[in-house]
1. Once label points are set 7 Å from the Cα along Cα→Cβ at both ALA18 and GLU68, what is their separation, rounded to one decimal in nm?
2. Which whole-number percent gives the relative contact order of region 1-60, counting Cα pairs below 8 Å spaced six or more residues apart?
3. Mind telling me which of LYS26, LYS13, LYS57 comes out most flexible in a GNM of the chain, alpha-carbon contacts under 10 Å?
4. Once both labels are modelled 7 Å past Cα along the beta-carbon direction, what's the LEU11-GLU42 spacing in nm?
5. For the chain, modelled as a GNM with alpha-carbon contacts under 10 angstrom, which of ALA46, ALA59, ALA34 fluctuates the most?
6. Just the ratio, please: alpha-carbon radius of gyration of the chain over 2.2 N^0.38 Å, N its number of residues.
7. Once the Cα atoms of helix 10-20 and of the chain are each reduced to a long axis, what angle between those two axes, in degrees from 0 to 90 to the nearest 10, is obtained?
8. Roughly how tilted is helix 48-69, in degrees to the nearest 10 and between 0 and 90, from the longest Cα axis of the chain?
Amino acid sequence: MIAISGKSGMLGKALERAIAMKPQPKGEKHAIIAAGLVGGIEDNMARPVNFLRANLKIALDFIGKCHELG
């Protein structure tokens, strides 16, 4: 099983297509974080802490859910 967060975004969709083309080993579990708050250079420079906080929250929530589901 491979879980992908952010599979509605460009990177997530590309990962999902690539994974679908390859046979997956039975019984293995993987999690990929492809979600995140993104912006241009100006946005990142103007609000760096907002981007960091949002992306850390996404990562921590995803890790927590993976741990919960086993």
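1. So the two model labels end up 2.9 nm from each other.
2. Values: 51 pairs, mean separation 22.7, N = 60.
The value is 38 percent.
3. Evaluated over the chain, the most mobile residue of the options is LYS26.
4. 2.3 nm
5. Ranking ALA46, ALA59, ALA34 by mean-square fluctuation puts ALA46 first.
6. Details: Rg = 14.5 Å, N = 70, 2.2 N^0.38 = 11.1 Å.
Taking N as the residue count of the chain, the ratio is 1.31.
7. Value to nearest ten degrees: 10.
8. Long axis of 48-69 versus the principal axis of the chain: about 20 degrees.
The values are calculated or read from the model by the stated rules, or taken from the named source; none is laboratory data. This is a predicted model, so every value here is computed, not measured. Reconstructed Cβ throughout: ideal geometry from the backbone, glycine too, with neighbour counts over all protein chains shown. These accessible areas exclude ligands, DNA and RNA; they are computed on the full protein's heavy atoms, side chains included. Shrake-Rupley method; radii C 1.70, N 1.55, O 1.52, S 1.80 Å.
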